[in-house]
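Notes for the one structure printed next.
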Amino acid sequence: MEKQYVYRVSAASTAVRGEVATADEIQPSIVFSAPAEFQGEAGRWTPEHLFLASVAGCFVSTFSGIAQFSKFEFLSLDLEVEGLLRKEEEGWRFTQVNLHPRLKIAQEKDRERANRLLEKAERTCLIIRSTNSKVILEPELIVEEEVLEREKMGNSIPIS
């Protein structure tokens, strides 16, 4: 039997360049606008930001699920996503999405495995696989034991 799920979101225009998105049983609604550079209202979520938020949320939850399934412990994961919007012949589109995950792990011996799991999350993330933008993964791994060692060395410097 084929598995499938259906997700529904509704959007409505409440004023010129003022929109709201809703989904059943999800709160709060999202008030959004076109970007200010496209005559939208500054300071509001935009479809462009929501797209990048979808990429970020999917990547983080995919990595977390893979790590849990793989019994891989990590200390923290922070992610910055940057999208490059370009005007092409057919119109505007995101041509590139850069993922900058910052993963903190406890030990150096986990570095290679951490990189493999980050790459797997990028390959298997549903939202990333659903876009035709070029995606670039640029991870930064921070090893907690190295941070602690540097702090010890910094604290042991004699003061004259």
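Each value in this text was obtained by applying a stated rule to the coordinates, not by laboratory testing. Here the structure is a predicted model, which is why all the values come from computation and not from measurement. Here the Cβ positions follow ideal geometry from the backbone for every residue, glycine too, while neighbour counts run over all protein chains shown.
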- To the nearest µm²/s, what D does Stokes-Einstein give for segment 1-45 at 4 °C and 1.567 mPa s, using the Kirkwood radius over alpha carbon pairs as Rh? 107 µm²/s
- Looking only at V20, V97, V55, which one moves most when the chain is put into a Gaussian network model with springs between Cα atoms under 10 Å? V20
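For a Förster distance of 41 Å, can you work out the FRET efficiency between the beta-carbons of L84 and A21, rounded to the nearest 0.05? Intermediate values should be presented prior to the final figure.
Values: r = 24 Å, r/R0 = 0.58.
E(calc), rounded to 0.05, equals 0.95.
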- In the neighbourhood of L77 defined by beta carbon distances under 10 Å, the net charge of the other residues (Lys, Arg +1; Asp, Glu -1) is +1
- Per the Kirkwood formula over distinct C-alpha pairs, the hydrodynamic radius of the chain in angstrom is 18.7 Å
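What number comes out for the charge environment of P101, summing +1 per Lys or Arg and -1 per Asp or Glu over other residues with Cβ under 10 Å away? Provide the component values of the computation, followed by the final result.
Working: positive: R102; negative: D78, E80, E122, E138, E140.
Computed value for this residue: -4.
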- Could you check which residue among A67, A12, A114 shows the biggest mean-square fluctuation in a GNM of the chain with a 10 Å Cα cutoff? A12
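Restricting to segment 46-155, what percent of DSSP beta bridges are antiparallel, rounded to 5?
Within segment 46-155, antiparallel bridges account for around 60 percent of the total.
Assigning unit charges at the beta carbon (Lys, Arg +1; Asp, Glu -1) and nothing else, what dipole magnitude in debye, to the nearest 20, does the chain show about its Cα centre? Please report the intermediate quantities before stating the final value.
Numbers: 20 positive and 26 negative charges, 67 e Å.
Using Cβ point charges on Lys, Arg, Asp and Glu, the chain gives about 320 debye.
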